[in-house]
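Asker: Can you read through this structure? Questions will come right after.
All of the numbers you see were taken from the coordinates with simple rules; none came from a lab. Small disclaimer: the values here were computed from a predicted structure and weren't measured. Counting neighbours? That spans all protein chains shown, and the Cβs are built from the backbone with ideal geometry, glycine included.
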Amino acid sequence: MPEASGNPVSEDVRQALLDHISSGKLKAGQRLGSERDLATELRVSRSSLRQALALLEQTGAVRRVPGRGGGTFVSQPKIERDLSHVVGVPALLRAQGFTAGTRVVSTGLTAAGEATARELGIGSNELVFDIVRLRLADGIPISLEHARFPAARFPGLLERSLGGSMYEMLESDYGVRPCDATERIEVVIGAEHEVSILEVEPKAPLMSITRTTEDESGVPFEFSHDLFRADRTRIVVHSSNAGSSTDRRNGCALVEVTALTRA
C-alpha cells in the first residue's frame, strides 16, 4: 500500500484493517501490533496509521486501552437491533450466532403509576408486574431491561421461568402475541448502578429504548425501558415505500420508531 506524497491514505488503511477483521485474520479481543509494526506491515506512515485507528475507534471497530499493558484491541462484534420487527432479545441474538443468556435482577408487584398506566391503558393504582433482567450475548452483558406487565392479565407470571424470551412465554402460556411496538430511542449516560451491571466505563453512552407493545387486538400489554450498550449494539430499521407504517405483515403492524438524542 504505497503512500504517495500529498495523498492521504488513512481511509485505505482503515479499510485494510476492516478487511482483516471481517475475514477473521484479526479476531475479536485480539491486540493489534505496535504502531511501528503495523505501519511497516501496511507500508504507511505512523501518522496515517493513527488517523485510521482513530476512525476505527470512533465507529467502535477497535478500542484503545491506555497505560502499560494496554494497546489497540479488536472490538467484540456488534449486535444488530432490528426495530422493523417485534422480536425478543434471545431470538435476536440466536439469529446472529450469539449464545443468549439472562440474569433476573429483580421482580416485584407494584402500583402502575401515571406513566405506566398511561402507556398500558390501565388505572394508576392497578397492579403491574415489575421485572428487571440483564441480557447476555456470549456471556457478556449487552442490555439491561426493565419491563412492566398488567398483573390482572397475567396471573402467576412471576411464578414462571423468566430466564428466556418473555414474548415466547407470553404467547405459549397466555395466548398473547406481540404485534405492534412503538419504540423511542435516546442516547443517554447511565446511572452508576446501570454502567456497573453492564460492565462499561462510567459516563459511557448507552442506547435507551422505551417500548410500548400491543397484542393482535391493539391492546397494550408491555411497557419497558431497555438500556443497550452502545459499543456493542447497532440499530437497524428497514424502510419501504410500498406502504405506510400501519401496513400489516403476518397480521401485525410495523414498528413505529422515534429517535431522540439527549445530552
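Asker: Excluding same-chain residues fewer than 8 positions from residue 27, which aspartates and glutamates have a Cα within less than 13 Å of its Cα?
Answerer: Of all the aspartates and glutamates, those that pass the test against residue 27 - Cα under 13 Å, at least 8 places apart if same chain - are 19.
Asker: Work out the charge dipole of the stretch 116-237 with +1 on the Cβ of Lys and Arg and -1 on the Cβ of Asp and Glu about the Cα centre, then indicate which of 212, 121, 193 is farthest towards its positive end.
Answerer: Result: 193, furthest along the dipole toward the positive end.
Asker: Can you give me the Rg/Rh ratio for the stretch 10-74, using Cα atoms for both radii and the Kirkwood formula for Rh? Write out the running numbers ahead of the final one.
Answerer: On the way: Rg = 10.8 Å, Rh = 11.7 Å.
On the Cα set of the stretch 10-74, Rg over Rh gives 0.92.
Asker: Can you give me the three principal axis dimensions of the stretch 79-259 from its C-alpha atoms, in Å, biggest first?
Answerer: If we take the Cα atoms of the stretch 79-259, the spans are 43, 41, 29 Å.
Asker: With viscosity set to 1.567 mPa s at 4 °C, what whole-number translational diffusion coefficient in µm²/s follows for the stretch 13-155 from Stokes-Einstein and a Kirkwood radius over Cα pairs?
Answerer: In µm²/s, the coefficient is 69.
Asker: Compute the distance in nm between two label points, each set 7 Å from the Cα along the Cα-to-Cβ direction, one at residue 65 and one at residue 204.
Answerer: 1.2
Asker: Figure the gain on full extension for residue 105 and residue 158 (residue separation times 0.36 nm, minus the Cα-Cα span) and round it to one decimal in nm.
Answerer: 17.8 nm
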